[in-house]
Amino acid sequence: MLETKATGCFLTARAIVPLMLEQGGGRIVTISMSESTMVRRGFVPYGPSGAAVEALSRVMAADVAGTPVTVNLLLPGGATDTGMVPEDTPAATRERLLDPAIMGPPIVWLASPAAAGVHDERIVAAEFEQWLAGHQSAGNANRARGS
């Protein structure tokens, strides 16, 4: 799991970021998890591998700051129904699981031209509409001030 998540993200970024810089920009969106999951008892190696991906994303964001490449983190905002939930999970717990499709709209937006100035953000998909409204309000306020 560590090799797939952490090393895989690193190797992919190492290969693609130089191409993005040559071609005038690009977007990297890494998938994260709640901080409590990263350190939860019984979640080795899943939690630490997620922590590694998050740290890698933050370092990549710092490394490409000031370039046309953006790096952002996206997490669902709760447990998702990924097909890996144990069969004996109580129905009440299963009902609270998020649909993995919750990740779609924020990823599509983060990859779009509208997200050009969004960099080094940690965005919760379950709260994306509120985050986006706040982001747009802040942008409008900055434009009104001439910033």
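The values are calculated or read from the model by the stated rules, or taken from the named source; none is laboratory data. As the structure is a computational prediction, the values presented were derived from the model and not from experiment. When we count neighbours, we look across all protein chains shown, and the Cβ atoms used for this are built from the backbone with ideal geometry, even at glycine.
Okay, residues lined up against (1) over 24 Å from Pro68 (Cβ atoms); (2) more than 15 Å from the chain's Cα centre (by Cα); (3) modelled with pLDDT under 95:
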residue	(1), (2), (3)
Glu3	yes, yes, yes
Leu11	no, yes, no
Pro18	no, yes, no
Glu22	no, yes, no
Gly25	no, yes, no
Ile31	no, no, yes
Arg41	yes, yes, yes
Ala51	yes, no, yes
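The rows are residues; the columns are (1) aliphatic (A, V, I, L, M); (2) assigned to a helix (DSSP H, G or I).
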{"position": "Thr70", "(1), (2)": "no, no"}
{"position": "Leu73", "(1), (2)": "yes, no"}
{"position": "Gly77", "(1), (2)": "no, no"}
{"position": "Pro86", "(1), (2)": "no, no"}
{"position": "Ile102", "(1), (2)": "yes, yes"}
{"position": "Val108", "(1), (2)": "yes, yes"}
{"position": "Glu127", "(1), (2)": "no, yes"}
{"position": "Trp131", "(1), (2)": "no, yes"}
{"position": "Gly134", "(1), (2)": "no, yes"}
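Would you mind finding the one in Thr7, Thr82 that is outside any helix (DSSP H, G or I) and of a type in the set (Ser, Thr, Tyr)? If you could, list the steps in order and put the result at the bottom.
Values: Thr7 fails: outside any helix (DSSP H, G or I).
None of the others qualify; the one that does is Thr82.
Matching residues to (1) under 19 Å from Lys5 (Cβ atoms); (2) of a type outside the set (Lys, Arg); (3) surrounded by 13 or more Cβ atoms within 10 Å (Cβ to Cβ):
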{"residue": "Ile31", "(1), (2), (3)": "yes, yes, yes"}
{"residue": "Ala91", "(1), (2), (3)": "no, yes, no"}
{"residue": "Glu95", "(1), (2), (3)": "no, yes, no"}
{"residue": "Asp120", "(1), (2), (3)": "no, yes, yes"}
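With respect to the numbered conditions (1) under 21 Å from Cys9 (Cβ atoms); (2) in contact (Cβ under 8 Å) with a residue 24 or more places away in the chain; (3) not acidic (Asp, Glu), which one is the sole condition not fulfilled by Gly78?
Answer for Gly78: the failing condition is (1).
Each row is one residue, and each column tells you yes or no for (1) under 20 Å from Asp120 (Cβ atoms); (2) touching a Ser or Thr at 6+ places or on another chain (Cβ under 8 Å); (3) charged (D, E, K, R).
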site	(1), (2), (3)
Leu21	yes, yes, no
Phe43	no, yes, no
Gly50	yes, yes, no
Ala62	yes, no, no
Ala65	yes, no, no
